[in-house]
Structures are given as C-alpha cells and as structure tokens.
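First up is the structure itself, then whatever we jot down about it.
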Amino acid sequence: MKKTTLTLAVASLLSFAPVSMAQEQTQGWDVSNPQGEFKEIDISVNSGTWMNVDVSPDGDYIVFDLLGDIYRMPFGGGEAEKLVGGIAWHMQPVYSPNGRYIAFTSDQGGGDNIWVMDADGSNVRAVTEETFRLLNSPAWSPDSEFLVARKHYTASRSLGAGEVWMYHRSGGSGVQLTERPNDQKDLGEPAFSPDGKYIYFSQDDTPGKTFHYSKDSLEGIYTIKRFERESGEIETLISGAGGAIRPTPSPDGRYLAYIKREDFDSVLYLLDLKTGEHKRVYGKMERDMQETWAIHGVYPTMDWTPDSKQLVFWAGGHIQKLNIDDGNARIIPFKVETEKKVQHALRFKQNVEADQFDVKMLRMAQVSPQGDAVIYEALGSLYQRSLPNGEPQRLTNSEDFELYPQYSRDGESVVFVRWNDEEQAQVIVRDISSGNEQVLNTGQGNFVEPTFSPDGKHVVYRKIRGGYLISDKFGLENGIYRVAVSANAEPEQIAESGRLPQYGARNDRVYLMTPGEKPTLSAIDLRTLEQRELYQSELATEFRVSPDGKQLAFAERFKVFVTPLVERGSVINVGPGDKQMPVHQLSVRAGENLSWTANSDQIYWTLGPELYHTSVADAFNADTESDTLKVENGQNIGFEHDAMVPDTTVAFV
C-alpha cells in the first residue's frame, strides 16, 4: 500500500466524533472504548510511514509500530504478529536487554505514558501514570531494571520542550536526569550506553530561548549530548553543520549511529567512540524533522543487531538492514493483515457557491460608553451597530483599511487607524454625528491602538516597527506616544515599549501592558513619565482598567475575569486562582476585546460574532461559594455580505 493510503488510514483512525459533556461526565472516557458507532476495515500492507523498529537481544525478532499497533516478526521478515493493538495509540517498542520485556509508549490510559509488556505481548502494564507531563521514547538500562524516557513540558507555547527522566520498570514517580534549558527548545531521543555509564540524547542547541521555524539545518540545529550518570555532567558529543539526531549506540560500545543533514538529505553516520572518526554509511534515509518540533523523536528509532555488524531502521516505507562494513542495505519484507475499528469523521456541509456569506470574524470590537452601540473591524473596514437591534453600517466610505476603533468617553467621537501601503498609518478622529474627520499630527509610521483621554483632549497610541509584510520606513523610535487632539500639536513619547495604552479615571495617568514571560500592567505618571508596575499575570493577554479606575478586567487563557483594582506601591500577582482579592470568571467559553461602559457598571467582550456582557455589581454579589458568575449566551452582531464572485474568464494555456 502506498504511503498516501496509509496516511489517510491514520487520519481516519484519529478522527473521532466528539462526545457531549454530559455523556462524558456520566459514562467516563475510555480511550480504548470510545462512544459512538464504528465499522471494521481490513488492512493489508507491506510498507508504512514513520515506523519505529527494534531488534530482540538474541537477534531472532524485530518489533515495530504501524498505525498505532505494535507487531513482531522474525528477523528475516514475513507475516507480522500483533502484540498490542486497538483504538489506543501504541508506538516506540523497545526490547529489554534480557529479552523478557518490551517497553513502549501508549495513550491507552488517557495520555502518552510508558508501558511494559512481556516479550510475547502478554501482561501489559503501565510504568508511568502522568496526566499532564506526558512521556514517550522509552529506553532500557543494560540491567533491564530501569527505563529512561522523555517527559514533555509546555509553557507559553503549546509544543514545549523535553527532559530525560528515569523510572524503575515497576513504576514510581521517576527521577529527573536532565533539565530543559528553557520552555521552547526541545530535547529527547534518550539511549543508554551498553555499560550504563552514559545516557545519550539529542537537543535543539540553536541560540536564544525562542523556537523559530526558520532554522538552517546546514548550520546545525540539533546536537547529541551525553549525560554521565555518576557525576551528572553533560557534554556535547556531536555538533556542527547538519546537526546530529537519534543517537543509537552499538551493543559492543564501539560505535554511535546517528543521523545528520547533508544539503536536503538525511544521512546515516557512525561515530567511532575509540578513534573519534565519523563515517558516512547510508544516504537514503527519510527526511528528518530537525526544523520542526519533534516531540516524539526527530527520526524513528533504529537498532543494531546483537553482533554490532548491522543496523536495522525504517526508510523509504520499508524496514531495512544495513551492513556497516560494505554499506549495502537490504529490505526486510513484512506483511501486516489486520482489522481496524474506525469512526466516520465529523464533517459539515459547506456551501461554497452561496451569493452571500456570514461575517463571523469581528475584530477589535468596542461598545460605546453609553452601551447603545458597538463598533468593530470586519473585512478591513469599520462597522457600527446600534444596540440591541440595529443593523451594522459602514462608518466611512474609505477604501483604505480601518482598524483599532475606540470611542471617546462621551460617545460622540471615535478614534481609529487608517492604513494604506503608500502612506502607511494615520490616526483619525471622527465625529460620529457629522462624519467630520481630523487627521492627528503623528507623523508617518505604523500606528496601532489609539485611545482617548477621559476629557477627550488627548489620544495615546502605539508606534510599531514595520518589516516583513509591511514597509519598515519610519520604523524608528517606537513606543507609546501621546498627542493632543488640537490642530498641529506635536506628539510626545511617554514610553519606549508596551502595548494597549489606556486611561482610567485620570487624564494625567496612562496604563499600558508589557508582554513577556509574565505580562504586566503598568501605570505612567504623565507629569514625570515615571512608570510603575501594578499587576502581573502568568498568561494574561489583555488588561482593561475601568473608566472609574476601580476595577480591572483581564483575559487569561481566553477566559474573561474581573477583579477590584488596588495599589500597594509594588506589583501584585493576579490570576484565575488568586485569593488576595475576589476574581470572578465572566465567560463560559472564551472572550477578547474587553470594553467598559462609562459608569463602569457593565463590561463587554466578544467571541467571533457574539457580543457578551454582564453587570460588575452582579459579579461581585455572586455566591461566594461558587465565586463565579459566568455568561453563557451572547448576541450575534455579525452580518451577511455579498460574496466576491468573479465576472471575468481566465484561460490557462
């Protein structure tokens, strides 16, 4: 079967219809026995994709994974016997050195953990029982008593980084061996040396703390390091151009097999651990994953034969064995015939030929201080809608992009950014009733997030650097600026960094948010330009101070919260679980684009085309035991728009 067919099979196996929350709570969730209707499909294949392989210590068998099941076959090839299967995903099988056990990764307990079975597939049991810091890539100690594995950590970015931990084969919480250097650079693929002295692993060793997809494998991304168990010291063993991944020591301790990149090819190399010589042995490996996050390994596992003369690996859809002396590779044929239980993927019919479509992506929505209108950006233009039952209307007839609207406190004006690629950004103040506009004297550049002062006499905004998709002209001296609305006033820089500048109750004080490992809300005294940190959060994406300066709304993990705003002269930590002051979650699902009414008694937020709001007084009068007053239902404020139907014919010759 072709690889594309296998890929479709994997997609089908992984596409399960969601189960209602009520069913899940009453029946529980069993990965191996999900609810729903299924059908059996027959699978008969002799090739596969991204297969992890291992050789038994006596050289008689090969184990491998395919479509989430683990199989065993004679070393010479042939019909494969399923050892463990089902809907749960099983992978990365590896024999213990004494030949009695096979360790593997499985999510049958609810998430990836390390499991062990007897060599014949019986007596399957869990070694680890992690529910959040999940594990994969098991490797045995030479005495078959311990396992090392990669433990996964996430922080502000979803894919995270790894550490090497060690476990006894009978279980336990494990012992940490390596420490992740940061939360974004990966580490994994652990392997014991045959004498047990070292543990080899690969690590993304590119400079800096931030993961980038634009890394150059030719300059080197991954390095192979080894951890000395007695001292705990770590040394870099292989680095440089092309990187180095998937360390695989030979049973006799003479060689370390690894993979590096040459141009666009992944190539198998040997490091002679006696002489230090690097030898190229095979150049037709599959493309490795050095440029991406490789949580389950940068290349599938491979193994040596017991005599240390051959390497067994997956490449080109097949299991192959390579003679390291002459460099000849031969396919070890296999055949898998099995049945898999699959469920139809949940799909919704899409009417792509409709003359109109629903506009659902409403950005930068803000409700007027009086609560009688809402303004937002959609399709590159600003729309205003009277609340509760008005129809959205274009604010202007401009053909330029219109972004970042904010009402004045009296609700009579709106400030926003107008953009075109030739003139860049302009900060516009528009009288809502008359439609008269004033272009503020900001100079040229890229401006975002303008906001009125309480008295409407000034506007604060952020100047940002261009580049990438937009021009980088006039991109110097960025930061937070204030400019008077009166004609010909010169702008004043009040901070060199920050975002979401805003006012509370005072005209002489500006709040701003500083992103980072711990996002921070600060206040700037406009008389002295002194900046003081007030609040910090682990994961907040938005802070909004109420117009009276007494409440603070914030969004964290896309949930909306509100808390009293207090000051003590130093920073206060705030978050969903904070107990210093009442913190109430307002949104059931998610929310962004926070805004207040002028009297600070109502707070609004949006999720797609839905507008939500609640009374702050109601929130703080909520049941103290539940400590929450969540708003479940919102109002759809979107609209229909004509589809862009071409009226010309293009001929391709």
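The values are calculated or read from the model by the stated rules, or taken from the named source; none is laboratory data. If you're wondering where the values come from, they're calculated on a predicted model, not measured in any experiment. Cβ: placed from backbone, ideal geometry, glycine included. Neighbour counts: every protein chain shown.
Side notes on the structure shown:
- Some residue of the stretch 491-504 being of a type in the set (S, T, N, Q), within 31 Å of the chain's Cα centre (by Cα) and under 23 Å from GLU437 (Cα atoms): yes
- VAL352 meets the conditions (1) out of contact with any Gly (no Cβ under 8 Å at 6 or more places or on another chain); (2) in contact (Cβ under 8 Å) with a residue 24 or more places away in the chain; (3) among the hydrophobic types (A, V, I, L, M, F, W, C) in every case but one. The failed one is (2).
- When residues of the stretch 283-315 are limited to those that are of a type in the set (A, V, I, L, M) and out of contact with any Asp or Glu (no Cβ under 8 Å at 6 or more places or on another chain), the one surrounded by the most Cβ atoms within 10 Å (Cβ to Cβ): MET302
- Matching residues in the stretch 207-227 - criterion: being of a type outside the set (Lys, Arg), assigned to a loop (DSSP other than H, G, I, E, B), within 25 Å of the chain's Cα centre (by Cα) and at negative phi: PRO207, THR210, PHE211, HIS212, TYR213, SER214, ASP216, SER217, ILE221
- Sole residue being in the same structural domain as THR541 (by TED's automatic domain parsing), modelled with pLDDT of 90 or more and either under 18 Å from GLN426 (Cβ atoms) or assigned to a loop (DSSP other than H, G, I, E, B) (or both), chosen from ASN488, ASN507: ASN507
- Set LEU512, LEU526: member being out of contact with any Ser or Thr (no Cβ under 7 Å at 6 or more places or on another chain) and aliphatic (A, V, I, L, M): LEU526
- Looking only at the stretch 452-466, residues that are of a type in the set (Val, Ile, Thr) and buried (at least 22 other Cβ atoms within 10 Å of the Cβ) come to 2 in all.
- So THR451, is it under 27 Å from SER587 (Cβ atoms) and modelled with pLDDT under 95: no
Condition check ((1) among the aliphatic types (A, V, I, L, M); (2) surrounded by 17 or more Cβ atoms within 10 Å (Cβ to Cβ)) across all residues:
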position: VAL562; (1), (2): yes, yes
position: LEU565; (1), (2): yes, yes
position: VAL588; (1), (2): yes, no
position: GLY591; (1), (2): no, yes
position: SER595; (1), (2): no, yes
position: GLN602; (1), (2): no, yes
position: HIS613; (1), (2): no, yes
position: ASP618; (1), (2): no, no
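- Counting residues in the stretch 561-568 that are within 31 Å of the chain's Cα centre (by Cα) and charged (D, E, K, R) gives zero.
- Contacts under 9 angstrom Cβ, first residue in the stretch 177-191 being among the aromatic types (Phe, Trp, Tyr), partner at pLDDT below 95 and assigned to a loop (DSSP other than H, G, I, E, B), 6 or more apart: none
- Identification of strands (runs of 3 or more DSSP E) wholly contained in the stretch 514-558 with 2 or more residues that are surrounded by fewer than 18 Cβ atoms within 10 Å (Cβ to Cβ) and touching a strand residue (DSSP E or B) at 6+ places or on another chain (Cβ under 9 Å) yields 530-536.
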